[in-house]
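The block underneath contains the structure these notes are about, expressed in structure tokens.
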Amino acid sequence: MKCLRFLVHAMLAVVVLAGCSSYRPAPAAFHEVLDQPYRLGAGDRIRVTVFEQEGLTNTYSVDQSGYIAFPLVGAIAARGHSAQEIEGQLAAKLRQGYLRDPDVSVEVDRYRPIFVMGEVGAAGQYSYVPGMTVQKAIAAAGGFSARANQANVDITRDINGKVMTGRVLTSDPLLPGDTIYVRERLF
């Protein structure tokens, strides 16, 4: 009888530990990308100012292909580039027969949204605000449900074209385009 009881407890421990094997700590790249310049992606909107050229100064959206359509020069690759890199690209293209010495400024006007799923009050798509943390995003999504694991969450993030998922604390910062998944607690 003792042997059977021990065997049952051992099997139960194996099952519980197997359930924990899906734990995915955040890769180092999750935190490294926070110290790098912001990279544009589909859904971002930028404000381009070409000084003394009112017809070219406007807001432009990054389309699903990762390009912006800019007057005179056509499509400019924006996905994966920083605002400063876009400034350089636009100035170089405008110098090619359009403007003698263009003075171009680019800033992010609106970031792509974040997504909050799982055990929250109102899962869905939410606007990203610079400085947003996981906790603030969950608050925007109606807070934790009664069954939510409030210690940490899973985040899926596109880092340099590679989609990664990792587990982070609720105090961790977010990036535009992140998907947050709040898991159900076990007990």
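What's the total number of residues in the stretch 143-163 that are more than 22 Å from A78 (Cα to Cα) and part of a loop (DSSP other than H, G, I, E, B)?
Number of matching residues: 7.
Out of the residues in the stretch 109-129 that are β-branched (V, I, T) and buried (at least 19 other Cβ atoms within 10 Å of the Cβ), state the one that is nearest to G80 (Cα to Cα).
I114
With respect to the numbered conditions (1) outside the structural domain of P102 (by TED's automatic domain parsing); (2) at pLDDT 85 or above; (3) not hydrophobic (A, V, I, L, M, F, W, C), which one is the sole condition not fulfilled by G19?
Failed condition: (2).
Within the stretch 138-149, identify whether any single residue is more than 17 Å from A42 (Cβ to Cβ), at pLDDT below 95 and touching a Pro at 6+ places or on another chain (Cβ under 7 Å), and answer yes or no.
no
Scan D103, D63 and give me the residue that is under 20 Å from G161 (Cα atoms) and acidic (D, E).
Of the residues listed, the single one that is under 20 Å from G161 (Cα atoms) and acidic (D, E) is D63.
Quick one: in the stretch 54-66, of everything that is in contact with a strand residue (DSSP E or B) (Cβ under 7 Å, 6 or more places away or on another chain) and not in a strand (DSSP E or B), which residue is surrounded by the fewest Cβ atoms within 10 Å (Cβ to Cβ)?
By that ranking, first place goes to T57.
Would you point out the residue of the stretch 67-93, among those that are touching a strand residue (DSSP E or B) at 6+ places or on another chain (Cβ under 6 Å) and not in a strand (DSSP E or B), that is surrounded by the fewest Cβ atoms within 10 Å (Cβ to Cβ)?
If we take residues in the stretch 67-93 being touching a strand residue (DSSP E or B) at 6+ places or on another chain (Cβ under 6 Å) and not in a strand (DSSP E or B), then A91 is surrounded by the fewest Cβ atoms within 10 Å (Cβ to Cβ).
Contact list please: Cβ distance under 7 Å, first residue in the stretch 160-182 and more than 14 Å from L34 (Cα to Cα), second residue in a loop (DSSP other than H, G, I, E, B) and among the aliphatic types (A, V, I, L, M), pairs at least six apart or on different chains.
From residues that are more than 14 Å from L34 (Cα to Cα), the pairs are G166/A26; R167/A26.
Could you tell me which numbered condition R157 fails, if it satisfies all but one of (1) in contact with a Gly (Cβ under 8 Å, 6 or more places away or on another chain); (2) at pLDDT 95 or above; (3) buried (at least 18 other Cβ atoms within 10 Å of the Cβ)?
So R157 meets the others, but not (2).
Any idea how many residues of the stretch 94-121 are free of Cβ contacts under 8 Å to residues at least 24 places away in the same chain and either among the polar types (S, T, N, Q) or part of a helix (DSSP H, G or I) (or both)?
Number satisfying all stated conditions: 2.
Could you tell me whether the stretch 27-39 includes any residue that is at pLDDT 95 or above, within 28 Å of N160 (Cβ to Cβ) and of a type in the set (D, E)?
Checked against the condition, which is being at pLDDT 95 or above, within 28 Å of N160 (Cβ to Cβ) and of a type in the set (D, E), the stretch 27-39 yields no hits at all.
The values are calculated or read from the model by the stated rules, or taken from the named source; none is laboratory data. Computed from a prediction, not measured in an experiment: that's the story for all the values here. Cβ coordinates were reconstructed from backbone atoms using ideal geometry, including for glycine residues, and neighbour counts include every protein chain displayed.
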